[in-house]
């Protein structure tokens, strides 16, 4: 086996050519906090690392009022928590990214990276799905936009084809009268990955729920959302009783994993409580 | 594969040869003998290997040396000048903010980055920023005192 080579394409087109040429032997690397960890732990052994660092088109961060937030895949977690545009238009996103890991990881890790890694114990995926985010995948065959919820297939698996690169993320502007919250539960203070993460987004008018999205992360191979349960909230008053009902239904519907951050039965109880709290908080019910 | 690169460490350029798979931490320690960056957990959680890359704290165990090419790297060895300690180093000494000191370089560099960003941090900001650096001796109270001593308001 040959030694690892580090390649630095200067455009998405060049990166795609390398990806096609080296196929299974290549891995894309953004800032490296995930890929370098997998390398040093001997979980992956690629022959080529294709670095996205010099792809200038992947660094944009633009908020278009009334339209939404457009992010290049190389935008860092730290930019997400500190950018005035994100803090003003999507305070819930700034808050979610601030809750990730530690300051070093947030300076390094990228938005595209955390999505493509598809680590179940991550914070941003659940929140971005609840906000209706879309991602763009580019390949030599062209480009496609897909709903972020479709990206995640299973533990560390996405539906990106081997010749695709995730280049952009788009988060549609929140409708007026929309509340959003992300609640993260950590089992230990030294543990920085979530045991359970709950994202709730509620469109409401005069105390009546018009649309509810609740996505639970870190409890299964992919973020968990149940449209039929969410639909039960439509047209109903935003009260404790409703939040309890939805929390209970989510806890019953999810089959949580057991890992070092909590057993399945423990997680189920945490889900019930956190979903209830997230709905009350997002709905502004005190 | 071996690769010739120039690393910009503590204000100077150093041409060197590294293997692509080598982490920045390995190269700093094994080739440059900068032992202030330590390997603790090896997975980015503990902060013992913290260095500043372009002034921002990162885990040297999660960066490849080749990825640091062209960027300014600051290690604990680069903070003092002419035998004079950096004010943050002095504050950690003044407050006895360590026991075994394995975590100290990481804490000091993270504190430098914190103060760059928030010259006058309140206690919550300090705790939040330093939450990713672990001290297994439990010197947190003294560390908090050391950072308080560095606040702009403390010197005025």
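The values are calculated or read from the model by the stated rules, or taken from the named source; none is laboratory data. Predicted model, so just to flag it, every value in this text is computed and none were measured. Cβ placement follows ideal geometry from the backbone for every residue including glycine, while neighbour counts extend to all protein chains displayed.
Given the residues B:34, B:28, which is the only one that is under 20 Å from residue B:110 (Cα atoms), assigned to a helix (DSSP H, G or I) and more than 10 Å from chain A (Cβ to nearest Cβ)?
Working: B:34 fails: assigned to a helix (DSSP H, G or I).
When all the criteria are applied, what remains is B:28.
Take the conditions surrounded by 19 or more Cβ atoms within 10 Å (Cβ to Cβ) and either in the same structural domain as residue A:151 (by TED's automatic domain parsing) or not in a loop (DSSP other than H, G, I, E, B) (or both) and apply them to residue A:277. Does it pass?
When the stated conditions are applied, residue A:277 does not pass them.
Residue B:42 fails exactly one of the following numbered conditions: (1) at negative phi; (2) within 8 Å of chain A (Cβ to nearest Cβ). What is the number of that condition?
In the conditions (1) at negative phi; (2) within 8 Å of chain A (Cβ to nearest Cβ), residue B:42 misses (1) alone.
Could you pull out the residue among A:69, A:61 that is farther than 29 Å from residue B:134 by Cβ, surrounded by fewer than 20 Cβ atoms within 10 Å (Cβ to Cβ) and in the same structural domain as residue A:135 (by TED's automatic domain parsing)?
Only one candidate passes the filter, namely A:61.
Name the single residue, out of those in segment B:10-25 being over 20 Å from residue A:32 (Cα atoms) and touching a helix residue (DSSP H, G or I) at 6+ places or on another chain (Cβ under 8 Å), that is farthest from the other protein chains (Cβ to nearest Cβ).
Step by step, filter segment B:10-25, then rank; the result is B:11.
Just need a number here: residues in segment A:92-145 that are away from chain B (no Cβ under 14 Å), touching a strand residue (DSSP E or B) at 6+ places or on another chain (Cβ under 8 Å) and part of a helix (DSSP H, G or I).
The qualifying residues number 13.
Which of the residues belonging to segment A:169-180 are assigned to a strand (DSSP E or B) and touching a helix residue (DSSP H, G or I) at 6+ places or on another chain (Cβ under 8 Å)? Even if it seems obvious, please write down each step before you answer.
Filtering segment A:169-180 down to residues assigned to a strand (DSSP E or B) leaves A:169-172, A:178-180.
A:169, A:171, A:179, A:180 - these are the residues of segment A:169-180 that are assigned to a strand (DSSP E or B) and touching a helix residue (DSSP H, G or I) at 6+ places or on another chain (Cβ under 8 Å).
Which of the residues that make up segment A:9-44 are within 26 Å of the chain's Cα centre (by Cα), within 14 Å of chain B (Cβ to nearest Cβ) and over 30 Å from residue B:46 (Cβ atoms)?
Within segment A:9-44, just A:26 meets the criteria.
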